[in-house]
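A short worksheet on the structure shown next.
The values are calculated or read from the model by the stated rules, or taken from the named source; none is laboratory data. From a predicted model like this one, the values you see are computed outputs, not experimental measurements. Using ideal geometry, Cβ is built from the backbone for each residue, glycine included, and neighbour counts are taken over all protein chains shown.
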Amino acid sequence: MIDTRFDKILLLALAATAACGAARAGQREPTMAERIAAAHSTAENNALCQAVRPFYWSVGDATGPRTDGRVGLMAPGAHTMMSIASASKLIDGAYVVEQLGVRLTDDEVSYLNFTSGYTEFDRCLKDQTVAECQSYQSRRIHNGGYVPENKGRFYYSGGHMQKQATLVGLGPDDNTALAAHINAGLGGTAFQYTQPQLAGGVKTNAAEYGRFLQHIVDGQLKIRALLGTHAVCTNPATCPTAVYSPIPSDESWHYSVGHWVEDDPVVGDGAFSSPGAFGFYPWIDAGKRWWGVLARESIVNLGRADKTATPAAESLYCGRQIRAAWLSGQPR
């Protein structure tokens, strides 16, 4: 028996959705001047951005940077070197895809979306090789552990990428050799490594990282085709196959090949990002047209149990506002 009341409600909902789509289709795209003005106003005046001063930010597309700014006293600049922590993960993901191609096996994917089971990892020592770090055990450091019950479940850990690096030929590399291989594999980037850790060892600046994002957006790097693919749910509170996530527990994202998909059903916009623990926040918008960087290096509130107050989360909140302003041409 057909419920005609439900049919009417469904038809009304579909009509409303179509009307909204038509309205969006009829909207004028912001001019470049409007985008630039909106982004600058947001970076300088939005309360979420005032909270992370001082910082540098930039937005660009396939042709290069379109605008940038320094906010706050003694703000870093485009060429200020800093440790970017987990923003290194997108770099590793891009490198692996360049080496293995876009048709990854399920096993290859598992190291990049953090479901491989190699979840025991603490940190590398400065003078180790990639392989030495991957297997290193001491009283305080426990690396290289495979946990069978975590296989197929999301667990945010550098152990996945460290293990995969030994499988793709990077095991003998120290910091210098690792940087040389990664940079050559990415077409001539200039990233440095302060420890031979694929998931968190990069030191660089916003200009260099922006150039890397530009080459993803313009299609020079193969990972563009894989942005958002092979994604797994990540919030243990809402996902039965997630074990650990550093993202604020009030948001539910997915994790793809070395990057997050900011697709929370309430506040998400589908952007692809790789926030670092010290506040370095790179992103590519859901349409793969625009990229951006918010660059700062902070240890204030680092490691707090409240994940909404860490440098990574605070930069995310500001960067998200700048992105929204850029896309809409309206200050936030």
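Points to keep in mind about this one:
- Number of the condition not met by Leu125 [criteria: (1) at pLDDT below 95; (2) touching a Pro at 6+ places or on another chain (Cβ under 8 Å)]: (2)
- Out of Val96, Val109, Val102, sole residue that is touching a residue at least 12 places away in the same chain (Cβ under 8 Å) and within 16 Å of Leu170 (Cβ to Cβ): Val96
- Exactly one residue among Glu297, Glu251, Glu262 is closer than 28 Å to Ala78 by Cα, among the acidic types (Asp, Glu) and either crowded, with 21+ Cβ neighbours inside 10 Å or modelled with pLDDT under 95 (or both), and that residue is Glu262.
- Taking every residue in the range 220-235 that is farther than 14 Å from Leu112 by Cβ and pairing it with any residue that is part of a helix (DSSP H, G or I), at least 6 positions away or on another chain, the pairs with Cβ-Cβ distances below 6 Å are Leu221/Ala94; Leu221/His215; Arg224/Ile216.
- Arg211 being under 23 Å from Leu170 (Cβ atoms), at pLDDT 95 or above, out of contact with any helix residue (DSSP H, G or I) (no Cβ under 9 Å at 6 or more places or on another chain) and surrounded by fewer than 24 Cβ atoms within 10 Å (Cβ to Cβ): yes
- Sole residue being part of a loop (DSSP other than H, G, I, E, B) and at pLDDT below 95, chosen from Arg28, Arg53: Arg28
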